[in-house]
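One structure is given here, and the rest of the page talks about it.
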Amino acid sequence: VQLQASGGGLVQTGGSLRLTCVFSLSVTNFDVLGWYRQPPGKQRAMVATLTSGGDANYTDSVKGRFTISGDNVRNKVHLQMNSLKPEDTAVYFCYGRNRWDRRHYWGQGTLVTVSS
């Protein structure tokens, strides 16, 4: 299983980016999809998750600004990020938990830099 994340880049405060993660197999094989991030010098932490039942969960700092969505047809998961702040600067990793073997899969990370 491979996850390929893309969409990161440099953006000014208040700007927007859309991250995309492409899965090498159908996302219906995963009961949880998500995005995590790792700021410089800090640990990786959850940003947003989406269950197969459609329930989305967000860390408090991004609520109202970020939206996670899944595309079962194209085997993708997206993270729409609006009103970006410098503290959103991090490497963003996509994630999936396989519903059959319960293993966790990670993408390679994409860097988001928000300038002040």
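Looking only at residues that are of a type in the set (D, E, K, R) and assigned to a strand (DSSP E or B) in the stretch 60-76, which one is nearest to Thr89 (Cα to Cα)? Filtering first and then ranking leaves Lys76. Here Gly96 meets the list (1) assigned to a helix (DSSP H, G or I); (2) in contact with a Phe, Trp or Tyr (Cβ under 8 Å, 6 or more places away or on another chain); (3) of a type in the set (Gly, Ala, Ser) almost entirely, failing just condition (1).
So which residues in the stretch 8-36 are open to solvent by less than 30 Å² (accessible area, probe 1.4 Å) and either touching a Cys at 6+ places or on another chain (Cβ under 8 Å) or within 23 Å of His104 (Cβ to Cβ) (or both), if there are any at all? Leu19, Thr20, Cys21, Phe23, Val27, Phe30, Asp31, Val32, Leu33, Gly34, Trp35 - these are the residues of the stretch 8-36 that are open to solvent by less than 30 Å² (accessible area, probe 1.4 Å) and either touching a Cys at 6+ places or on another chain (Cβ under 8 Å) or within 23 Å of His104 (Cβ to Cβ) (or both). Tyr95 satisfies every condition listed in (1) under 13 Å from the mean Cα position of the chain (by Cα); (2) open to solvent by 60 Å² or more (accessible area, probe 1.4 Å) except (2). Screening Ala5 on (1) farther than 14 Å from Ala90 by Cα; (2) touching a Leu at 6+ places or on another chain (Cβ under 7 Å); (3) aliphatic (A, V, I, L, M); (4) buried (at least 18 other Cβ atoms within 10 Å of the Cβ) shows it passes everything except condition (1). Could you tell me whether any residue of the stretch 54-63 is open to solvent by 80 Å² or more (accessible area, probe 1.4 Å), without any contact (Cβ under 8 Å) to a residue 24 or more places away in the chain and aliphatic (A, V, I, L, M)? No, the stretch 54-63 contains no residue that is open to solvent by 80 Å² or more (accessible area, probe 1.4 Å), without any contact (Cβ under 8 Å) to a residue 24 or more places away in the chain and aliphatic (A, V, I, L, M).
The values are calculated or read from the model by the stated rules, or taken from the named source; none is laboratory data. Predicted, not measured: the structure shown is a model, and the values here were computed from it. Note: ideal-geometry Cβ built from the backbone for every residue, glycine included; neighbour counts use all protein chains shown. Accessible surface areas use protein heavy atoms only, side chains included; no ligands, DNA or RNA. Shrake-Rupley method; radii C 1.70, N 1.55, O 1.52, S 1.80 Å.
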